[in-house]
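Down below is the structure, laid out as structure tokens.
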Amino acid sequence: MIPPFGPRHHVVGRGDPAVFAFRFDRLVLIGPRAVHLHPTPAHIEVGSAGLTVRFGPWRVTTQRGNVAGAAPSGRLPWWRSVGVRYSAADRRLILGSSRYGAVSLSFDRPAACVHLGTPIRLMALTVTTTEPDELAAAVRAFA
């Protein structure tokens, strides 16, 4: 299930898996479209099989019991809010499409991230979604 087009998406389904959409602000869409990042392949799935995040060419997957924590982190600074940021120091990936609606996820064991066939191991992930409280609750319920 892929969320519909538009600058603000809503949860597509509350079943298993629950699918959450990234929050794409209108002005933010100008830059990502230049590098072929559109709202269509950007979504977050939370279910009994685990967690899957798709953000353009980036894909993060982990098993159900690997999520150590999930918390809404509010607003991101503008310099970290748009695009992809990776910190090798703490192995954190930020997939941002808005300054608002950030959710921070932490993992017990490294989660698999693939970008254009290159594997990366993550210990933390931050995403921007339309429903941060609901995403955090869904992740905690399936963790």
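Global dimensions of the stretch 18-142 from alpha-carbon coordinates: Rg and Dmax equal 13.1, 37 Å. With θ taken as phi - 60° and the Karplus curve 6.51 cos²θ - 1.76 cosθ + 1.60 applied, the whole-hertz 3J(HN,Hα) list for the stretch 96-109 is x, 9, 6, 7, 10, x, 6, 10, 9, 10, 10, 10, 6, 10 Hz, x standing for glycine and proline. Between V114 and S48, the simple spin-label model (points 7 angstrom out along Cα→Cβ) gives 2.4 nm. Between the stretch 93-143 and the stretch 55-91, the C-alpha centres lie 4 angstrom from each other.
Values quoted throughout were computed directly from the atomic coordinates according to the rules given, and no laboratory measurement underlies them. As the structure is a computational prediction, the values presented were derived from the model and not from experiment. Please note: Cβ atoms are built from the backbone with ideal geometry, for glycine as well, and neighbour counts cover all protein chains shown.
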